[in-house]
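Written below as structure tokens is the structure these notes are about.
The values are calculated or read from the model by the stated rules, or taken from the named source; none is laboratory data. Predicted model only: the values in this text are computed from it and were never measured. With ideal geometry, Cβ positions are generated from the backbone for all residues, glycine too; neighbour counts draw on all protein chains shown. Note: accessible area is taken over every heavy atom of the protein model, side chains too, but ligands, DNA and RNA are not part of it. Shrake-Rupley method; radii C 1.70, N 1.55, O 1.52, S 1.80 Å.
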Amino acid sequence: MAMKYKIDIIAALKEAGYNTSRIRKEKIMGEAMLQKIRSGQMVSWAILETICDLLDCQPGDLIEYVKEAPVQEMGE
């Protein structure tokens, strides 16, 4: 995947006062989205928007594009 998180989102949310229990209790996002974030998988733009709102940041503060090396075919 060419997109990756620049920061530990769960740790940043916790530092801002949003531990996972509070996030679930207040229905900010579900456990499935928290698991995706923990495992480094990208979430929807709506969830990124929510995270940016909670952390008062821009999407570029959270994610970055990493160019992947081209795959070489056998025999090259």
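A few notes on this one:
- Check on residue 21, of a type in the set (S, T, N, Q) and within 10 Å of the chain's Cα centre (by Cα): no
- Helices (runs of 4 or more DSSP H) wholly inside segment 1-42 containing at least 1 residues that are acidic (Asp, Glu) and either open to solvent by 40 Å² or more (accessible area, probe 1.4 Å) or over 22 Å from residue 60 (Cβ atoms) (or both): 9-15, 31-38
- Scanning segment 54-76 for residues that are closer than 17 Å to residue 6 by Cα and open to solvent by 80 Å² or more (accessible area, probe 1.4 Å) gives 56, 58, 65, 67, 68.
- Condition met for residue 5 (aromatic (Phe, Trp, Tyr), at pLDDT 95 or above and in contact with a strand residue (DSSP E or B) (Cβ under 7 Å, 6 or more places away or on another chain)): yes
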